[in-house]
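Structure record follows, encoded as structure tokens.
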Amino acid sequence: MTLANQPTMRAATLGLFAAVFIGAGVPLMMFGRAVMQADLAIALLMALGLAYVRTGTYAHAMNAGRNIFGLALLLTATSWLPGLLHSVDPASSFKAWARSFAFIAGAGVIWALLNDNEKERALSLKAFMTISCATLGAAAISLLIWPGFVNILRGLGDVIPRPELVLKSFGATAMCLVPVLVWGGRRLGGRWIAAGLIATALAVIVIFQTSNRASIAGLMAMILVCALVLGIRDKRTRLPMLIGAPIVVAGMFAWLQIFGPSWLQTKSTYLPTWLVDPHRQMIWQFTFEHAMQAPWFGHGIDTINLLPGADINIRGMGQSYIPSHPHNWTMEILAETGWIGLSVFVATLLILAVRLARATLANQSPAVNLTLLALSTGFWTSALFNFSIWSTWWLLTYFVLFALVAAWREPKT
């Protein structure tokens with residue numbers, strides 16, 4: 001090897017390492033947010049370094065955003081800015097705003113790198129499949145067989161094993177993994193098909209064993225949307241899809257009603273408590289009332305828990321109105337960016353959904369686009385009930401998985 005070839009060889013080696021870190025990142029959530037975020041931070045640094053070395057990567061990423069969806073994202077970023085000017089905590093609001101769109105830019109660079117290199121693209125997907133099988137398997141063992149196993153893996157010491165609580169957040173991750181696992185096994189073929197199906201079954205076990213109702217809602221939405229698109233696309237599958245999907249969803253609803261937790265109800269609620277717990281409904285009511293105090297541009301991103309009265313305990317519940325966030329992205333964005341910010345963002349998501357659905361129906365990389373549609377449907381549906389939409393690990397889960405799948409080119413079928 002000549003000296004002239006050394007930089008090329010180093011870049012190729014760095015590319016392989018970056019591919020593995022990218023693929024492994026989200027499934028590593030089983031070990032905790034710190035592990036997942038550390039992995040993806042390293043992956044992003046390597047990706048940025050590679051993009052600097054490989055001429056054209058940044059241009060490729062930027063060109064991908066020169067469409068109506070990219071314009072909608074730009075309008076979203078702009079519409080959220082006025083709320084920063086009169087935020088309760090301008091520094092925190094700006095930090096959350098900048099971080100969110102920086103993640104999108106980083107995911108764009110990751111997409112461009114994998115999209116341009118078939119070897120790294122395949123290696124990243126294989127790393128994702130392998131680590132997903134391992135972490136989902138370990139989680140299932142902890143939940144079904146050996147509760148203390150997760151304590152050992154996370155280094156929790158002699159803490160009483162409560163895997164259903166420790167792995168609650170991973171249950172949300174597992175829901176996002178499902179469509180990518182099904183698609184990834186099919187994409188790689190051979191033994192990977194079986195690996196994808198096994199990992200999918202393990203993901204469902206993790207979701208139900210952690211009683212993650214938000215993730216169950218995400219799965220239900222995925223099934224219905226995919227059944228609708230596939231039914232429209234192929235007349236042969238229309239009847240089975242349109243009959244089977246509602247039956248599966250009805251079964252999930254029945255599980256929620258029968259096996260869901262029972263609540264001591266001290267307040268009147270507007271939704272069944274087996275579907276949404278009373279505390280969450282009180283949080284939404286409080287959030288909406290305060291959103292109407294700044295209806296146009298909101299109170300500032302990531303500040304809802306700082307508003308007056310947010311830390312007051314609800315009588316009869318012993319919990320505050322806003323423990324940290326509203327557990328609903330529409331309420332959170334409405335209260336913090338106003339009707340204008342929420343409307344522009346919802347329009348952006350609708351543009352994305354329509355583009356993915358149309359591409360699937362037009363046989364333009366149908367498997368890839370249907371997977372992205374399922375991932376997006378599951379993520380945004382479950383986010384109606386769970387974490388803050390500004391959570392670093394939660395946003396990274398969606399953006400990295402989206403980039404990982406979108407990087408694949410598929411021939412028309």
- Note on the structure: Taking only C-alpha positions in region 115-242, Rg and Dmax in angstrom work out to 16.8, 57
- Item | Residue (of F17, T78, F379) at the positive-pole extreme of the chain, dipole from beta-carbon charges | F17
- Item | In Hz, Karplus ³J(HN,Hα) per residue of region 14-26 (6.51, -1.76, 1.60; θ = phi - 60°; x = Gly, Pro) | 4, x, 5, 5, 4, 4, 5, 5, 5, x, 7, x, 5
- 3J(HN,Hα) from dihedral phi, region 374-379, Karplus parametrisation 6.51/-1.76/1.60, rounded to Hz, x for glycine, proline: 5, 4, 5, 4, x, 5
- Debye intensity ratio I(q)/I(0), log10, region 340-406, q values 0.17, 0.19, 0.20, 0.22 Å⁻¹ (C-alpha model): -0.65, -0.80, -0.87, -1.01
- Only helical DSSP H runs with n ≥ 4 go in: add -39500 (n - 2.57) per run for the chain, normalise by residue count and round the 222 nm mean residue ellipticity to 500 deg cm²/dmol. -24000 deg cm²/dmol
- M62 accessible area, nearest 10 Å², 1.4 Å probe? 120
- Note on the structure: Subtracting the Cα-Cα distance of L74 and Q285 from 0.36 nm times their residue separation yields 72.9 nm
- Task: At 1.4 Å probe size, with no ligands or nucleic acids counted, give the accessible surface of T135 in Å², nearest ten.
- Result: 0
- Query: Which Cα, out of M29, I160, N115, lies furthest along the positive dipole direction of the chain (beta carbon charges, K/R +1, D/E -1)?
  - Reply: N115
- Item | Under DSSP loop assignment and at most 15 Cβ neighbours within 10 Å, longest chymotrypsin sites (Phe, Trp or Tyr not before Pro)-free interval of the chain | 1-262
- Starting from the Cα gyration tensor of region 1-138, take the square roots of the eigenvalues, sort them a ≥ b ≥ c, and report rounded, prolate or oblate (rounded when a/c is under 1.5, otherwise prolate if a/b is larger than b/c, else oblate). oblate
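Taking the Cα centre of the chain as the origin, how large is its charge dipole in debye, to the nearest 20, when only Lys and Arg (+1) and Asp and Glu (-1) carry charge on their Cβ atoms? Present the calculation step by step, with values, prior to reporting the outcome.
Values: 27 positive and 15 negative charges, 237 e Å.
Roughly 1140 debye for the chain.
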- Protein-only accessible surface order, largest first, of S343, S365 at 1.4 Å: S343, S365
- What Kirkwood hydrodynamic radius, in Å, does the chain give when the mean of 1/r is taken over all pairs of distinct Cα atoms and then inverted? 22.5
- Task: Distance between Cα centroids, region 94-143 to region 217-252: provide it in whole Å.
- Result: 27
- Going from most exposed to least, what order do K235, K168 have by accessible area with a 1.4 Å probe? K235, K168
- Loop trypsin sites (Lys or Arg not before Pro), region 321-409 (other Cβ atoms within 10 Å of the site Cβ: 11 or fewer; DSSP): R409
- Item | Gain upon complete extension [H86, L16; 0.36 nm per residue less C-alpha separation] | 20.6 nm
- Projected area averaged over all directions for the convex hull of the alpha carbon atoms of region 125-188, nm², comes out at 4.4
- Query: At what distance in nm do the modelled label points of F101 and I340 sit from each other, each positioned 7 Å from its Cα along Cα→Cβ?
  - Reply: 1.5
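The values are calculated or read from the model by the stated rules, or taken from the named source; none is laboratory data. From a predicted model like this one, the values you see are computed outputs, not experimental measurements. Note that each Cβ is placed from the backbone with ideal geometry, even for glycine, and that neighbours are counted across all protein chains shown. All accessible areas refer to the heavy atoms of the entire protein, side chains included, with ligands and DNA or RNA removed. Shrake-Rupley method; radii C 1.70, N 1.55, O 1.52, S 1.80 Å.
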